[in-house]
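Some notes on the structure that comes next.
The values are calculated or read from the model by the stated rules, or taken from the named source; none is laboratory data. If you're wondering where the values come from, they're calculated on a predicted model, not measured in any experiment. All Cβ positions, even for glycine, are placed from backbone atoms using ideal geometry, and neighbour counts span all protein chains on display.
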Amino acid sequence: MKNYLYLIVLFSMIALGIGPGRGENKTGDRKISLSELPQPARLLLKTYFPGARVLQCVHSRTWDEYGVKVSGGYELGFDRKGHWEEIGSGDRPLSSELVKLLPAAVTEYLNQHYPGARVESMEQRKNIYKLTLASPQTHLYFAKSGEFVKARMDD
């Protein structure tokens, strides 16, 4: 969640033009070209967002992470090696193809316990996956093995 909020603040700052020239700001973030993203990130974009326009690529030198904004309202976060950490779509559902990036046990759990649920964002951390479902907003947590850990609903 911390990184998701970080990306929102980062993109907002860039959109508002906050920071010194050439896309750099005081936190050590800089705009980069698509070709400067690590190969796994470029491959994921090519595979799951064919024909979509990449609106913005940012490299955080502070955290050594990448943020990418894609047409259609998608925001993605990648680690320093280019592996996805966060994929969000605002209030639009992620495609079922993107959800298949998760372990099969997670997608099976979703199909069994939340049939037809709309996944708005998914995150992966060192030991856990977090999915945000829409209406009512529900956060599901899974171990890296795909085993369900807990659910939390927002009021």
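Of all the residues in segment 91-111, those that are of a type outside the set (A, V, I, L, M) and within 14 Å of Leu133 (Cβ to Cβ) number 7.
Looking only at residues in segment 57-88 that are over 10 Å from the mean Cα position of the chain (by Cα), among the small types (Gly, Ala, Ser) and closer than 24 Å to Thr132 by Cα, the one that is surrounded by the most Cβ atoms within 10 Å (Cβ to Cβ) is Gly82. Pairing each residue of segment 82-94 that is at pLDDT below 90 with any residue that is surrounded by fewer than 18 Cβ atoms within 10 Å (Cβ to Cβ) and not aliphatic (A, V, I, L, M), provided the two are 6+ apart or on different chains, yields C-beta distances under 6 Å for Gly90/Gly73; Arg92/Gly73. Just one of the numbered conditions (1) within 12 Å of the chain's Cα centre (by Cα); (2) within 17 Å of Gly73 (Cα to Cα) is not true of Ala134: (1). When Pro50 is tested against (1) under 15 Å from the mean Cα position of the chain (by Cα); (2) in a loop (DSSP other than H, G, I, E, B); (3) not aromatic (Phe, Trp, Tyr), exactly one condition is not met: (1).
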